[in-house]
Amino acid sequence: MTVKIFVPKDAAALALGAERVAKALAGEIEARGIDATIVRNGSRGLHWLEPMIEVETPEGRIAYGPVKASDVASLLDAGLATGGNHALCLGKTEELPFLKSQTRLTFARCGIVDPLSLSDYRAHDGLKGLERAVTLTPADIVAHVTESGLRGRGGAGFPTGIKWKTVLDTPGARKYIVCNADEGDSGTFADRMIMEGDPFVLIEGMAIAGIATGATKGFVYIRSEYPHAIATMTQAVEIAHRAGVLGTSVLGSANAFDIEIRTGAGAYVCGEETALLNSLEGKRGIVRAKPPLPAHKGLFDCPTVINNVISLASVPIILDKGPVYYKDFGMGRSRGTIPIQIAGNVKHRGLYEAAFGLTLGQIVDDIGGGTASGRPVKAVQVGGPLGAYFPRALFDTPFDYEAFAAKDGLIGHAGIVVFDDTADMLKQARFAMEFCAVESCGKCTPCRIGSARGVEVADKIAQGIEPEKNRELLADLCNTMKFGSLCALGGFTPYPVMSAMTHFPDDFSPAPMVEAAE
Ligand SMILES: Cc1cc2nc3c(=O)[nH]c(=O)nc-3n(C[C@H](O)[C@H](O)[C@H](O)COP(=O)(O)O)c2cc1C
Ligand code: SF4
């Protein structure tokens, strides 16, 4: 029987040499006359073990990693094709503690299926949600999503069902589904992993959103820095179209839905939903004032659903297994699971999907394994460049939208970046201001001017110039930005700045400048 060997073609694995591994493997297999086929799968999300290759055996898949091209010959010598032992053998994939302890609902297929095989997708429960959706009324689909408690995974945590209901209830000759795949937050890669590892789940989620709201056209706005995701999504849309999953009659129903892939414009602010709409319309990516909400007047002034990749990719399982199944996971008003992205100075970097409710300490210390440098953890930034820095004293905070907000933080897109005790939090605060100054769309003064002034004030503190006065000035600037900015770029930049100043005051009290001798 032909043996299946899986070598990921996910961008993270490729960056670590997966292409060279695949080529070496193909060459050796042919030279040795081994009856094996190489499947290019998505990543399982254990990034510190990439490229992690797997072989299918009667006992399940056996994993090896991290594999270099130069390891391939010895792996085959050791009987890789039958799951043979080798120094790089990690054992059964499903038994790896990092994977075994996860609750994979949205990422259930990622790393398991051939991303561009629709039959593989079907064989692993794909399209069941859409098959159910075409038997329901739009209002029933919206009710399912509302009942599931799903909230937007792009950052704001807005209830997805309510957004969809607004679009359903708004009349319009055309309506649109826009998938936000700009994924600009530091330390995040969940959207990319889904698009590269299980693109059909996003297509299915978008088609369900279209049927639920009366939209017949969808756009996926993917950041230009994701060429592999763009290529995979483009091919997946073509395949779905040919198979009748998309088109004038979705799965043979009376519903039409089609998808176009668009490449982003390379600005962080283009991830903000109204700037994204401008960018999609071919205009400069500048934020629009709200109201009108995109749900009322969005793309080309039509009612538009804008959702993050993970929000949309979470919908098929809700339709398939029912809202109660999904809602049963989680805590408080944070229902279901959240794909946490663990990055920065941490031993076990990767994607960990779990029900809401794990504490930050569990994520960083137990799952992440502490810092890669082996030094003590100093701070963890949660929620991207606009997220707060959490000190160890706040590690008992559960991963839950409200719990994080209560500690002046945010979950955002669930990216966490770990820093050890060598981090200088004043520099991090300055970086937040600088990032905002560089990425500001320039529409409003508190953000455009405030961030530039913020950099100057941080520099003065670092130079020991009137530190007390300048700390007060920085806090005052933050206050103005927080309450005076039009969108969350200017409005949330104060979070990393103020959390750094509040939790790490020593870093904001450098030694006073010594006056030069006369
Ligand atoms: C500066 C800025 C950047 C953003 N970047 C993204 C992004 O890259 N991806 C995303 O899904 N949402 C991003 N958002 C949030 C979106 O504006 C919007 O809330 C989201 O796409 C809605 O989808 P959801 O309800 O599914 O989360 C950003 C917001 C701001 C203010
Ligand atoms: S806060 Fe910044 S990014 Fe947002 S609208 Fe104002 S200037 Fe533009």
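The values are calculated or read from the model by the stated rules, or taken from the named source; none is laboratory data. Given the structure is predicted, the values throughout are model-derived calculations rather than measurements. Because the Cβ atoms are built from the backbone with ideal geometry, glycine has one as well, and the counts that use them run over all protein chains shown. All accessible areas refer to the heavy atoms of the entire protein, side chains included, with ligands and DNA or RNA removed. Shrake-Rupley method; radii C 1.70, N 1.55, O 1.52, S 1.80 Å.
A few remarks follow.
- Accessible area expressed per residue, the chain, with surrounding protein chains retained (probe 1.4 Å, Å²): 39 Å²
- Each of S117 and A256 was given a label point 7 Å from its Cα along the Cα-to-Cβ line. The distance between the two points is 3.4 nm.
- Highest to lowest packing among 446-454, 24-32, scored as the average C-beta count within 10 Å: 446-454, 24-32
- For a label point 7 Å along the Cα-to-beta-carbon line of R242, residues of the range 89-117 with backbone N under 18 Å: 114-117
- Heavy-atom accessible surface of the chain: percent carbon and sulfur, 1.4 Å: 55 percent
- The chain - mean residue ellipticity at 222 nm from DSSP helices (-39,500 (n - 2.57) per run, n ≥ 4, rounded to 500): -11000 deg cm²/dmol
- For the range 89-105, the residues whose backbone nitrogen is under 19 Å from a point 7 Å from the Cα of K347, taken along Cα to Cβ, are 89-91, 95-102.
- The distance linking the range 445-492 with the range 188-261 is 41 Å (Cα centroid to Cα centroid, whole angstrom).
- Ignoring lysines fewer than eight residues from K165 along the same chain, the ones with Cα atoms less than 23 angstrom from its Cα are K128, K175, K217, K290, K297, K321, K327.
- Taking every DSSP beta bridge that has both ends in the chain, the antiparallel portion is near 55%.
- Highest-first packing order for the peptide set 297-304, 47-54, 92-99, 190-197 is 190-197, 47-54, 297-304, 92-99, based on the mean count of other beta carbon atoms within 10 Å.
- Considering only N345, L474, N255, the residue lying farthest towards the positive end of the dipole of the chain is N255, judged by Cα position with unit charges set on Cβ.
- Two tests apply to each whole DSSP H helix in the chain, Cα reach of 15 Å or more along its axis and mean Kyte-Doolittle hydropathy of at least 0.0, and the ones passing both are 138-148, 199-213, 227-242, 425-439, 445-462.
- Taking label positions 7 Å along the Cα-Cβ direction at both A15 and R174, the computed distance is 3.6 nm, reported to one decimal.
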